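J.: Got a structure here, written out as structure tokens. Questions coming.
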Amino acid sequence: MIYVVMASVIFVGDFFLKKYIETHIEPKKQKFICKGRIVLHRYHNRGAVLNFLEKSPSLVRNLCGALLLVLGIVWALLLRKKDNPGVLLGLSFLLGGGGSNLCDRIANGYVVDYFSFRTPFSWINRVVFNISDFMIFIGSILVAVARK
């Protein structure tokens, strides 16, 4: 049950953060927080990571949907066994974050990204994230490390 709750909290939490950004941050405006280290802004990403395949949003949507379907089936099968909590937690993060981004793709044709970091590395400063992106990243690491 905890894994379902984790996936749901990630999905719903990021959903509301995206709605907040869409209604409170004007396009091309930035808001600096954490002493300027984090920048809030509204960005519509039509592709995958770093706008990969941005000219083919339907392909990205379909690939993401298919991948989430496969991960969801594996997750459901593992939930019945409760055999590997690390993999289940990782899959929960992947499904919550991936599901949130997929809903954006289906509803809007793009994913709402809303924050970036200010670092000494200019290439990192140009990347815009959302919480789901981090959950997908963390979930991937958990699955890779915890699998048997």
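J.: Roughly to the nearest percent, how much of the accessible area of the range 20-65 is carbon and sulfur, given a 1.4 Å probe?
T.: Summing carbon and sulfur atoms, their accessible area is 58 percent of the total for the range 20-65.
J.: Distance check, please: which entries in Lys19/Lys81; Lys19/Lys82; Lys18/Lys55 exceed 29 angstrom between their Cα atoms?
T.: From the list (Lys19/Lys81; Lys19/Lys82; Lys18/Lys55), the Cα-Cα distance tops 29 Å for Lys19/Lys81; Lys19/Lys82.
J.: While we're here: Mind ranking Ser58, Ser100 by accessible surface for me, highest first, 1.4 Å probe?
T.: Putting Ser58, Ser100 in descending order of accessible area: Ser58, Ser100.
J.: What is the Cα centroid distance between the range 112-148 and the range 54-94, reported in whole angstrom?
T.: 17
J.: Taking the range 1-125 as the region of interest, what is the percent of Cα-Cα pairs per 5 angstrom bin, listed from the shortest bin to the one with the maximum distance?
T.: 2, 10, 17, 18, 18, 16, 11, 6, 2, 0
J.: What helices in the chain pass both tests, a Cα length along the helix axis of 30 Å or more and a mean Kyte hydropathy of 1.0 or higher, using whole DSSP H runs?
T.: 2-24, 57-81
J.: Hey, another quick one. Determine the per residue accessible area of the chain with all protein chains present and a 1.4 angstrom probe, expressed in square angstrom.
T.: In whole numbers, the chain has 62 Å² accessible per residue.
J.: Please list 28-41, 77-90, 3-16 highest first by mean number of surrounding beta-carbon atoms within 10 Å per residue.
T.: Result, highest mean Cβ count within 10 Å first: 3-16, 77-90, 28-41.
J.: Follow-up. Sorting check: for 59-65, 130-136, which peptide has the highest mean count of neighbouring beta carbons within 10 Å, and how do the rest follow?
T.: 130-136, 59-65
The values are calculated or read from the model by the stated rules, or taken from the named source; none is laboratory data. Bear in mind the structure is a predicted one, so any value in this text is a computation, not a measurement. Backbone-built Cβ (ideal geometry, glycine too); neighbour counts: all protein chains shown. We work out accessible area using only protein heavy atoms, side chains counted, and drop any ligands, DNA or RNA first. Shrake-Rupley method; radii C 1.70, N 1.55, O 1.52, S 1.80 Å.
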